[in-house]
Every structure is written in C-alpha cells, then in structure tokens.
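*Asks:* Pasting in a structure now, in structure tokens, and then I'll have a few things to ask.
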Amino acid sequence: MKPAVKEYTNDESLKNDVMVLKSKGVDKHDIYILSHDDERTNRVANNAEANTIGISELGLGSAVGNIFSKKGDELRTKLEEVGFSSAEAERYEEKLDEGKILLLVTDHERVTGWV
C-alpha cells in the first residue's frame, strides 16, 4: 500500500505536522521526508526526527542504481519503491522540482483523514 502524502513549501509547517502525527501515535519509522535537495531532506528529517528513504526501503539494487542516476530519476525510483505508480512518482517529482517537500506516512491506521 502506498504511503499517505502531503506537500509542503514550508519546512516548519512540515515539522509541526510530524509532531502532531507522533502525538497520535505514529512511529518515527513510519514517517519519511523527501525533497529535491538531499541536504534539505536530511536537515528537515533530523529536525523533525523523521526518516528518509534509504537502502532499507529501496533495496540494494535500486540504491546502487541511484548512484548513477540523474536526480529526477533517483527521486522517481524512491517514490516507486515506496508504493507509487510511475505516473504518481512523475507527478510528485515535478512537485519536488518546484521546491516542495513531501511528508510520506506509512501508518495508514493513524493518518486516516490527515491528508
């Protein structure tokens, strides 16, 4: 099942929503941050105490393949590996190109009505 996703332009708003999700019992391991800039992704994930999409989510083959990929290809691969279709991954990658940051949540029971 694909994650629930919400787009942000403001890192602080995303961090506040992560705190709300955690207060509802969503575990850190079910919360992922993704942006077009790896440094921003890591900074926001660290500040919000959330995860990034890494080798454990991608699998070794995709992770190694991403080393040689263009950024857009890498982001689409990450999105597809966590459950989005190619078309959805393309649409979200375009949002990332526009400077948005994505909050992805895999705990479907606790995020009902959140998005």
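The values are calculated or read from the model by the stated rules, or taken from the named source; none is laboratory data. Predicted, not measured: the structure shown is a model, and the values here were computed from it. Here Cβ is always computed from backbone atoms with ideal geometry, including for glycine, and neighbour counts include all displayed protein chains. To get the accessible areas, we keep the full protein, side chains included, count just its heavy atoms, and leave off ligands, DNA and RNA. Shrake-Rupley method; radii C 1.70, N 1.55, O 1.52, S 1.80 Å.
*Asks:* Compute the distance in nm between two label points, each set 7 Å from the Cα along the Cα-to-Cβ direction, one at Glu98 and one at Asn46.
*Replies:* 2.9
*Asks:* Counting only residues 5 or more places away or on other chains, whose amide H sits under 5 Å from the amide H of Asn51 once H atoms are built in the peptide plane?
*Replies:* The answer is Ile31, Tyr32, Ile33.
*Asks:* Give the residue list of GluC sites (Glu not before Pro) in the range 1-58 that are DSSP loop and have at most 12 other beta-carbon atoms within 10 angstrom.
*Replies:* Glu49
*Asks:* Name the residues whose placed amide hydrogens come within less than 5 Å of the amide hydrogen of Lys100, ignoring near sequence neighbours (fewer than 5 apart) on the same chain.
*Replies:* The answer is none.
*Asks:* Follow-up. By a straight-distance test (C-alpha under 16 Å), which aspartates and glutamates pair with Lys24 as possible cross-link partners, with residues fewer than eight away in the same chain excluded?
*Replies:* Counting by Cα, and skipping residues close in sequence, Lys24 has these aspartates and glutamates nearby: Glu49, Asp107, Glu109.
*Asks:* Summing Lys, Arg as +1 and Asp, Glu as -1, what charge do residues with Cβ under 10 Å from the Cβ of Ile33 carry, Ile33 excluded?
*Replies:* For residues surrounding Ile33, the net value is +2.
*Asks:* Ok, one more. Would you please give the FRET efficiency between Glu7 and Glu109, computed as 1/(1 + (r/R0)^6) with r the Cβ-Cβ distance and R0 = 30 Å, to the nearest 0.05?
*Replies:* Calculated value: 0.85.
*Asks:* A follow-up question, please. Roughly speaking, to the nearest percent, how much of the range 1-41's 1.4 Å accessible area is carbon and sulfur? Numbers along the way, then the final one.
*Replies:* Numbers: 1070 of 2280 Å².
Taking all protein chains in place, the range 1-41 shows 47 percent carbon and sulfur surface.
*Asks:* For the residue pair Val20 and Glu88, what label-to-label distance in nm results when each label sits 7 Å from Cα along the Cα-to-beta-carbon direction?
*Replies:* My value for the distance between the label points is 2.2 nm.
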